[in-house]
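The next block holds one structure in the form of structure tokens; read it before the comments.
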Amino acid sequence: MDNVGMASALFGFLAVGAVALFTMISVAVWSESRRKERESYYKNDMLKKVAEATQPGANAALDLLHAESRIATARTQQGLKIGGLVLSAVGIGLLVFLRALIRDEPIFLVGFMVFLMGAALFGGSYLVTNPVE
């Protein structure tokens, strides 16, 4: 094959691959949003039925909502902590790697910036989220 044919084949392959990738992403996002919508609908329907049943049922529904709120807060806080720790570790690794790779320039400070972002994310997990009761 000549260079023009090879370039056309590569372009066609990459174009089809890009279309397939973004189609898959859009279908995945659409199905996830539908799942969350159904989950929310059934949860709200169940809570409405329990709340209308009796007074203890209403209290149970409120307790369930508070428990779900606490669980969501704890998950958010844990996610921020893990993200901050991972980002800090990447920053330290980048700092060491860039220092060993390029000794003449202070390019290794990029790793320190990444480390500080991770530290801010980790520290922010305590400031942004409400304490879990």
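FYI, it's all coordinate maths here, none of it is from the lab. Just so you know, these numbers come straight off a predicted model, no measurement behind them.
Relative to the first principal axis of the alpha-carbon coordinates of the chain, what is the inclination of helix 55-101, with its axis defined by its Cα atoms, in degrees from 0 to 90 and to the nearest 10?
20 degrees
Quick one: grab Rg to one decimal and Dmax as a whole number for region 1-53, Cα atoms only, in Å.
Rg, Dmax (Cα atoms, Å): 22.9, 77.
Quote to one decimal, in nm, the extra length available between LEU10 and ALA100 on full extension: 0.36 nm per residue of separation minus the C-alpha distance between them. Walk me through the numbers before you get to the answer.
Values: separation 90, 0.36 × 90 = 32.40 nm, distance 3.71 nm.
Contour length minus Cα-Cα distance gives 28.7 nm.
Quick one: Cα convex hull volume of region 67-133, Å³ per residue? Mind showing how you got there, number by number?
Details: hull volume 3.4 nm³, N = 67.
Given the Cα convex hull of region 67-133, per-residue volume reads 50 Å³.
How far is helix 109-128 tilted, in degrees, relative to the longest principal axis of the Cα atoms in the chain, given as a value from 0 to 90 rounded to the nearest 10?
Once rounded, one gets 0 degrees.
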